[in-house]
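The values are calculated or read from the model by the stated rules, or taken from the named source; none is laboratory data. Every value quoted in this text rests on a predicted model; they were computed, and no experiment measured them. Here the Cβ positions follow ideal geometry from the backbone for every residue, glycine too, while neighbour counts run over all protein chains shown. Remember, those area values only see protein heavy atoms, side chains included, never the ligands or the DNA or RNA. Shrake-Rupley method; radii C 1.70, N 1.55, O 1.52, S 1.80 Å.
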Amino acid sequence: MNTYSVNTQILRVNPEIPEPEIISRASRVLLEGGLVAFPTETVYGLGANALDESAVNRIFAAKQRPFYDPLIVHIAEKRDITLAATDIPELAYMLAEKFWPGPLTLVLKRHGRVAPSVSAGLGTVAVRMPNHPIPLDLIRAAGVPVAAPSANLFTRPSPTSAQHVLDDLGGRVDIILDGGLCLIGLESTVLDLTSDTPTILRPGGTPAEALRETLPELVIAGSHVASENRESKPSPGMMLKHYSPKAKFLLFSGGGENAIAQVQQIAIQLIGQGKKIGLLVTNEEFDQFSGMEAEIEVLGSGTNLAVIGQTLFSRMRALDKKGVEFILMRSLPREGLGLAIGDRLFKAAEQRIIDLDLPINFSDLLSSE
Ligand code: AMP
Ligand code: MG
């Protein structure tokens, strides 16, 4: 796969009232087939004209993303759902009315004009209206729907700042619109409306509980969701190693009152073996880990999952920059945004959770399997 090689320009944009001249310049780049990265309320997106097949192919090349992993099409008006999809069920309009603009992506039947590679050759297309003035103004100025996956290299944690985009995609994207930090910090919830029962293919910024108010029959896909409402088929691309820091991520559950002491013991053992370790901790856990010879990143209060969602990817990247070999973290409750956070952690840990209530085999932890 050829890499898209360009001179990347970073333009600071006012996230509340985007400067029209910057937006118009970026929209011209999109219409000429170039790539523009922009902030959204979820994470930074890497945008291309969704109607231009060769522009869309540049996204895959820039991200080194496999072609079987489809992209989300972004629109700036609810009614523009018809630009990307056909045979749109009434339910889609109801959900758009309630949740757009916002972190909810709807999977619908693809409209023939959308570049097929956007959908990885599937007959369906994922559509969302972001809740952020920069992409909304940009899409309106370009006058076309914009395909945009997260603006990170494939398998790296999603970017929540312009610096993260530059770290991963510098020299591979024409313009990075720097509009500051992303408010939610987790990707959108992907909801499939093409199957018999509405199905969450990827938990994200719109909690399942909020969707269930409109969709009592909602099911959640993915083997990671411990629930009787489980279906086997995950979203395309979702079974892959994803959201991974470079370090080996050790995710712990259980342990009750002894959990912190147990994680401390494991950390001490790793340090004793000369390993450089990082800890992702909540405010409440910080004091108990602060004396350790480890890199520590604080996520925020364990009782405020919105803040943890906001900081999670950026703290993972911070630990990676410090060159740690292991990242240790305790799992969090899976309610509300906790389902999306748990999903990202599970993938970072390469689908392995270490149960502190069971005997722990230390050499297993050290191995890369
Ligand atoms: P990203 O924007 O990088 O988080 O990636 C978009 C994700 O949306 C993909 O990895 C898929 O999981 C999901 N997605 C996009 N298009 C479709 C589709 N047509 N059907 C099901 N899932 C999709
Ligand atoms: Mg992504």
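Would you mind stating whether Phe313 is closer than 23 Å to Ile200 by Cβ, open to solvent by 30 Å² or more (accessible area, probe 1.4 Å) and of a type in the set (Phe, Trp, Tyr)? First the steps, then the outcome.
Details: closer than 23 Å to Ile200 by Cβ: yes; open to solvent by 30 Å² or more (accessible area, probe 1.4 Å): no; of a type in the set (Phe, Trp, Tyr): yes.
It is false that Phe313 is closer than 23 Å to Ile200 by Cβ, open to solvent by 30 Å² or more (accessible area, probe 1.4 Å) and of a type in the set (Phe, Trp, Tyr).
Could you check segment 284-369 for helices (runs of 4 or more DSSP H) lying wholly inside it with 2 or more residues that are modelled with pLDDT of 95 or more? Spell out how you get there, then give the answer.
Working: elements: 305-321, 338-348, 362-366.
Answer list for segment 284-369: 305-321, 338-348.
Output the number of residues of segment 65-99 satisfying the condition of being closer than 20 Å to Leu218 by Cβ, in contact (Cβ under 8 Å) with a residue 40 or more places away in the chain, over 20 Å from the mean Cα position of the chain (by Cα) and open to solvent by 10 Å² or more (accessible area, probe 1.4 Å).
Summing the residues that are closer than 20 Å to Leu218 by Cβ, in contact (Cβ under 8 Å) with a residue 40 or more places away in the chain, over 20 Å from the mean Cα position of the chain (by Cα) and open to solvent by 10 Å² or more (accessible area, probe 1.4 Å) in segment 65-99 gives 4.
So, restricting to helices (runs of 4 or more DSSP H) that lie completely within segment 23-103, which ones have at least 2 residues that are over 26 Å from Ala208 (Cβ atoms) and within 16 Å of ligand 2 (Cβ to nearest atom)? So that I can check it myself, show each step before the final result.
Working: elements: 53-63, 81-84, 90-99.
The helices (runs of 4 or more DSSP H) meeting that bar are 53-63.
Taking the condition of being modelled with pLDDT of 95 or more and either among the aromatic types (Phe, Trp, Tyr) or more than 12 Å from ligand 1 (Cβ to nearest atom) (or both), how many residues in segment 63-87 meet it?
Residues flagged as modelled with pLDDT of 95 or more and either among the aromatic types (Phe, Trp, Tyr) or more than 12 Å from ligand 1 (Cβ to nearest atom) (or both) within segment 63-87 amount to 11.
What single numbered condition from (1) under 17 Å from Leu71 (Cβ atoms); (2) of a type in the set (Gly, Ala, Ser); (3) away from ligand 1 (no atom under 16 Å from the Cβ) fails to hold for Gly179?
Looking at each condition in turn, Gly179 falls short on (1).
Among residues belonging to segment 269-283 that are assigned to a helix (DSSP H, G or I) and open to solvent by 20 Å² or more (accessible area, probe 1.4 Å), point out the one that is nearest to Pro159 (Cα to Cα).
Applying the first criterion (assigned to a helix (DSSP H, G or I)) to segment 269-283 yields 269-272, 283.
Narrowing the set further to residues that are open to solvent by 20 Å² or more (accessible area, probe 1.4 Å) leaves 269, 271-272, 283.
Numbers: Gln269: 32, Ile271: 29, Gly272: 33, Asn283: 23 Å.
That would be Asn283.
With respect to Gly274, determine if the residue is farther than 21 Å from Pro203 by Cα, touching a Phe, Trp or Tyr at 6+ places or on another chain (Cβ under 9 Å) and of a type in the set (Gly, Ala, Ser). First the steps, then the outcome.
Values: farther than 21 Å from Pro203 by Cα: yes; touching a Phe, Trp or Tyr at 6+ places or on another chain (Cβ under 9 Å): no; of a type in the set (Gly, Ala, Ser): yes.
Here the answer is no, as Gly274 does not meet what is asked.
When you go through (1) open to solvent by 10 Å² or more (accessible area, probe 1.4 Å); (2) touching a Ser or Thr at 6+ places or on another chain (Cβ under 8 Å) one by one for Gly33, which number turns out not to apply?
Result: Gly33 fails condition (1) only.
Before we move on, is Ser161 within 13 Å of ligand 1 (Cβ to nearest atom), touching a residue at least 40 places away in the same chain (Cβ under 8 Å) and among the hydroxyl-bearing types (Ser, Thr, Tyr)?
On the way: within 13 Å of ligand 1 (Cβ to nearest atom): no; touching a residue at least 40 places away in the same chain (Cβ under 8 Å): yes; among the hydroxyl-bearing types (Ser, Thr, Tyr): yes.
Judged against the criteria, Ser161 is not a match.
Evaluate the following for Lys109: is it touching an Asp or Glu at 6+ places or on another chain (Cβ under 6 Å) and open to solvent by 10 Å² or more (accessible area, probe 1.4 Å)? So that I can check it myself, show each step before the final result.
Numbers: touching an Asp or Glu at 6+ places or on another chain (Cβ under 6 Å): yes; open to solvent by 10 Å² or more (accessible area, probe 1.4 Å): yes.
Answer is yes for this residue.
Across segment 100-155, what is the number of residues that are over 16 Å from Lys78 (Cβ atoms), under 18 Å from the mean Cα position of the chain (by Cα), more than 10 Å from ligand 1 (Cβ to nearest atom) and among the aliphatic types (A, V, I, L, M)?
Of the residues in segment 100-155, 1 are over 16 Å from Lys78 (Cβ atoms), under 18 Å from the mean Cα position of the chain (by Cα), more than 10 Å from ligand 1 (Cβ to nearest atom) and among the aliphatic types (A, V, I, L, M).
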